[in-house]
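Here the structure comes first, spelled out in structure tokens, and everything after it is commentary.
The values are calculated or read from the model by the stated rules, or taken from the named source; none is laboratory data. Fair warning: this is a prediction, and the values are worked out from it, not measured in the lab. Cβ coordinates were reconstructed from backbone atoms using ideal geometry, including for glycine residues, and neighbour counts include every protein chain displayed. What goes into the accessible areas is simple: the full protein's heavy atoms, side chains included, and nothing from ligands, DNA or RNA. Shrake-Rupley method; radii C 1.70, N 1.55, O 1.52, S 1.80 Å.
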Amino acid sequence: TEIYTLSLHDALPIFQLNYTMPFLKDLNANLNVATDQTKSDGHNNRPVTSPSVLTSPLWGKLSDYDGKISNKLLDFYLNYKKDIDQINSKVDATAGYSWQHFEREGSSYTRGVVDALHPYQKSDSSSFITENYLVSFFGRINYSLMDKYYVTFTTRYDGSSRFIGDNKWGLFPSAALAWKIKEEVFFKDISALSELKLRLGWGITGQQDIGNDYPAQARYIMASEGSYYYIDGEYIPTLRPSAYDPDIKWEETTTQNIGLDFGFFNNRITGSVDLYKRVTDDLLNTVTIPTGSNFSNTLLTNVGSLENIGTEVSLNLVPISTKDMSLNLGFNFSYNKNKITRSEERRVGKECRSRW
């Protein structure tokens, strides 16, 4: 057996710009344009002496294949930073736009021996091309007061070509608070305490990377061998419809967390404790549906909710720290409890049956 593959990868930033506005020194404009290209080709040759499980139903097999992946990116954002000395505050604000294009294509050609007396009498070829887009509008603002109190607000408005209609766009906000307790008067003079910070966070994130670029669109695919139609003494490959859900949408995860960072003895002892709760709604998954309710008995759709509750603890020690040697010890503990809070598999089947 002979297998050969050649792959070429090239990732280059085509253009990058950082420009300070002359009329407002605290405002910068940033532009990034980049591309990531991958090309590959190869062959897989299996002689007639190969085990039949590797070439069935043929005797021997000769395959040639090639592929191409192209990713393009455009980012543009404005960033504003300002120190407000009158109230001992700092502001850092960002707003921007992002555009991404992902394209994949490839082809393969296979020929094999029907039997030992008629070499390479059967051949098969296939090709594909697929693409998807991701467009985002985003913003973030950081505000700090007296280097003790911190507030962060972010928001993203993401659009994915994998979905259609009103489901194409998703809004994902978040907020975070932090309090440097160590900087307060009643803790500042405690020499043994070098760090103490309380953190609170809440946010929603979206998921659309599902490995299927057209789950919401009606499409046709080439029938696989074994599903050909027998016409006039010959098996003919046909196009057949694929299952799809026009109402599929973003999977959303809402996270809440509270955390405490601490440090003692000039940070020779540091660590953190975090408690969190994550609730994922409209889970994207392939589920079994009633036969006849769609063009397949499985469907990629939104189904159910999942809840995660847990804690994470970390502890870092530096028992030895000299000019010539240091010793660092790290310990971690985590606990997570998963629970499926809702399953909609039966409801999905009913919806599909009424729709098709």
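For the reader, a short list of remarks on this structure follows.
- Springs between Cα atoms under 10 Å define the GNM used for the chain, and in it the highest mean-square fluctuation of 304, 165, 259 occurs at 165.
- Dividing the Cα radius of gyration of region 178-257 by 2.2 N^0.38 Å, with N the residue count, gives 2.52.
- Scoring 45-51, 19-25, 267-273 by mean Cβ neighbours within 10 Å over their residues and listing the highest first yields 267-273, 45-51, 19-25.
- A Gaussian network model of the chain, with springs between Cα atoms under 10 Å, assigns the largest mean-square fluctuation among 144, 174, 326 to 326.
- Computed log₁₀ I(q)/I(0) - Debye formula, equal Cα scatterers, no solvent, region 233-298, q 0.23, 0.29 Å⁻¹: -1.04, -1.20
- Per-pair calculated FRET efficiency, R0 = 25 Å: residue 267 and residue 89 via Cβ, rounded to 0.05: 0.40
- On a per residue basis, the convex hull of the C-alpha atoms belonging to region 136-290 measures out at 167 Å³.
- Computed from Cα atoms, the angle from the helix 345-355 axis to the main principal axis of the chain rounds to 60 degrees.
- Carbon/sulfur fraction of accessible area - the chain, other protein chains in place, 1.4 Å, %: 56 percent
- A dipole drawn for the chain from +1 and -1 charges on Cβ atoms has a positive end, and of 80, 198, 321 the residue lying farthest that way is 198.
- Helix-only [θ]222 nm of the chain, DSSP H runs n ≥ 4, -39500 (n - 2.57) each, per residue, nearest 500: -1500 deg cm²/dmol
- Global dimensions of the chain from alpha-carbon coordinates: Rg and Dmax equal 28.7, 94 Å.
- Over the chain, relative contact order from alpha-carbon pairs under 8 Å, at least 6 apart, %: 9 percent
- Of 249/337; 148/339; 90/197; 197/249, pairs whose Cα-Cα distance is over 30 Å: 148/339; 197/249
- Lysines with Cα under 22 Å of residue 61, excluding same-chain neighbours fewer than 8 positions away: 122
- Each residue of region 330-340 is assigned a 3J(HN,Hα), and the resulting list reads x, 10, 9, 9, 9, 9, 9, 10, 9, 8, 7 Hz, derived from the Karplus form 6.51 cos²θ - 1.76 cosθ + 1.60 (θ = phi - 60°), x at Gly and Pro.
- Among 278, 199, 240: highest mean-square fluctuation, GNM of the chain, C-alpha pairs under 10 Å: 240
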